[in-house]
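The values are calculated or read from the model by the stated rules, or taken from the named source; none is laboratory data. Predicted model, so just to flag it, every value in this text is computed and none were measured. Reconstructed Cβ throughout: ideal geometry from the backbone, glycine too, with neighbour counts over all protein chains shown.
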Ligand code: HEM
């Protein structure tokens, strides 16, 4: 773990060339400043060092201080010489090679925040449905898979049919939906659950474009099971809340696919 040089609550200035230290081989990195918005790291690469092509889920910039290198960014070749500044949008593939010794500052911006927003009223409605979901969870999720496999049979191949037959996947989904409903005002506490499910999704090749399918079938199942108790207000609130949850999963899964 590189050491952080600056305490972000204090003013600081330095001569960057004083911080440069080249290793015999490979890379030496020093985090100069890290706060909630960005991380600025000084990279010093020995001549000939190569960083293989990869992607990052965060926007990034490179500011070259000294030396010479070659950056391949989204298929374009960029010569890195002192004073060159490069912006690399999130998810753009990039890799580089230090032709000579090379020192640059890499700035990584904050993680992408979910765009979907739920208002206080939606939060209250969704939370108020948590006890109903606990009571009818298994029934709702069984119905949801029934609807989904009938309307979208192509997704069937991704699921274990024995877990469908014994109901274990229905109860895992019901638990997740219930946990979400009861913690929608404290998403941080759902991180471990999201992480576990996201890894499972990646193993099963779940893709972002499949989320609307599950959303549609889940809402239809809620309506089918709760009947008139599923008021328009409840369905609208769940529609919005689902979008937020889907975005949280999609972002986490994107990170795992890219890692
Ligand atoms: C916000 C929506 C979703 C929630 C809350 C959710 C929840 C879950 C949960 C709790 C599990 C079990 C994880 C474990 O093994 O512990 C799971 C597995 C899985 N999910 Fe999702 N999921 C969602 C969206 C989707 C989507 C869009 C798809 C794509 C069709 C999908 C496909 C799968 C598959 C294939 C598995 C593995 C199940 C098996 O092996 O049978 N999920 N999901």
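Close contacts from the range 155-170, counting a first residue that is at positive phi and a second that is more than 6 Å from the ligand (Cβ to nearest atom) and in a helix (DSSP H, G or I), with Cβ to Cβ under 8 Å and a gap of 6+ residues or different chains, come to 167/138; 167/142. The helices (runs of 4 or more DSSP H) found wholly in the range 166-259 and carrying at least 3 residues that are more than 15 Å from the chain's Cα centre (by Cα) occupy 168-183, 211-226, 232-258. Between 181, 176, which is buried (at least 18 other Cβ atoms within 10 Å of the Cβ), in the same structural domain as residue 129 (by TED's automatic domain parsing) and within 9 Å of the ligand (Cβ to nearest atom)? Matching residue, one of 181, 176: 176. Checked against the criterion of being in contact (Cβ under 8 Å) with a residue 40 or more places away in the chain, more than 12 Å from the ligand (Cβ to nearest atom) and touching a strand residue (DSSP E or B) at 6+ places or on another chain (Cβ under 9 Å), the range 240-258 has at least one qualifying residue.
Cβ-Cβ distances below 8 Å connect the following pairs, each with a first residue in the range 198-210 that is within 17 Å of residue 148 (Cβ to Cβ), a second residue that is part of a loop (DSSP other than H, G, I, E, B) and within 6 Å of the ligand (Cβ to nearest atom), and a separation of six or more residues or different chains: 204/159. Under the condition of being free of Cβ contacts under 8 Å to residues at least 40 places away in the same chain and farther than 15 Å from residue 124 by Cβ, the residues counted in the range 176-189 number 4.
Residue by residue, here is whether (1) modelled with pLDDT under 95; (2) surrounded by 15 or more Cβ atoms within 10 Å (Cβ to Cβ); (3) within 14 Å of the ligand (Cβ to nearest atom) holds:
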| position | (1), (2), (3) |
| --- | --- |
| 101 | no, yes, no |
| 106 | no, yes, no |
| 110 | yes, no, no |
| 114 | yes, yes, yes |
| 117 | yes, no, no |
| 126 | no, yes, yes |
| 136 | no, yes, no |
| 144 | no, yes, yes |
| 149 | no, yes, yes |
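Scanning the range 217-238 for residues that are within 12 Å of the ligand (Cβ to nearest atom) and without any contact (Cβ under 8 Å) to a residue 60 or more places away in the chain yields one hit, 219.
Scanning the range 160-170 for residues that are surrounded by 14 or more Cβ atoms within 10 Å (Cβ to Cβ) and more than 9 Å from the ligand (Cβ to nearest atom) turns up 167, 170.
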